[in-house]
Structures are given as structure tokens and as C-alpha cells.
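Below is one structure, written out as C-alpha cells; the observations come after it.
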Amino acid sequence: MIKLMRKLITGASGGFISLLSLPAIAFAADPTPLACPTGQFSLLCIKSENLGNLISSGLTFIFVIATIIALGWLIYGAFKWIVSGGDKTAVEEARNHITAAIVGLVIVFLAYFILSMVIYFFTGQSLQSITLPKLNLGPTPTVVPGPPGAN
């Protein structure tokens, strides 16, 4: 009985996942593009103009989080050293934490520096202001709305 239930659940979940892989069929999506919001939520719309700023902000955020984690690890190692009470193994463990935190900080700063240099070398831009090139795919089609209630 349990094997039959497992087979049924596996088959049903496989069928559901296959429906999700075809979103136009599964959710009856309208092929017309959605308009971007205006006002305070206009920054949420990902356009080609905003994508470079989004990438640079994301990279900066990741580097800041990595630095905060490494500094927290350094403080944790220092705290462990203080409360070790002279125990040789505890001091060695605290020293290993501090060494790992310093190595982590060096890696984060080197990664930021190398990424900045690579971006500047290839694009001539800084990491804080990446602008992506725009593709000119011809005129954009205009969507003519149908009569009310035609949906």
C-alpha cells in the first residue's frame, strides 16, 4: 500500500512539475508585455537601463555581507581567546578562528579589487556604475487594446 502511495505521489508531482515547465499553457499567459509600474515602485521594474545598477548594487551588497560575516568571525575568535582561560587547545582554536577571519577578509577585499579592475579594464566603468549596452531590435510593436470585456 505504501509503495502504491509513493508511486501516485511521484507521478502526480512529476505531472505538476511538467505543467510548470510550460507556463504559457499552464497559466494561460497573455503574450502581451506588462507595463512597468510608475511612482515609488518603478525601481522594481527590471529594464535594460536598471539592470546594470541592479547588478552593481547586488555585488556591493554581497561584498558588504561577506565583510560583516568575516568581522563577526574575527570578533568571535577574539572572544573565544579571552574566555579560554589559558587552556592551550582553546587558545589554539581561537587563534585558528582569527586566522580564518583575517584570510576571509583578505579574500573579500582582493575579490572586490580584482573584480573592479576587470570591469574597469573591459568597460572603462567603475563597479558602482555599471551600464549595460542596449540592443536595438527594431521598432517595438504597439499593442492595440480590444473592446472592453474581450478578455
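Every number here is computed from the coordinates shown, using simple stated rules; none is lab data. Nothing here was measured: the structure is a model prediction, and the numbers come from that model. For neighbour counting, all protein chains shown are included, and Cβ atoms are generated from backbone atoms with ideal geometry for every residue, glycine included.
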Could you rank the peptides 111-117, 100-106, 82-88 by their average count of other C-beta atoms within 10 Å per residue, with the highest value first?
100-106, 111-117, 82-88
With viscosity set to 0.692 mPa s at 37 °C, what whole-number translational diffusion coefficient in µm²/s follows for the stretch 45-130 from Stokes-Einstein and a Kirkwood radius over Cα pairs?
219 µm²/s
What does the charge count near Ala94 come to, summing +1 for each Lys or Arg and -1 for each Asp or Glu among other residues with Cβ under 14 Å from its Cβ?
0
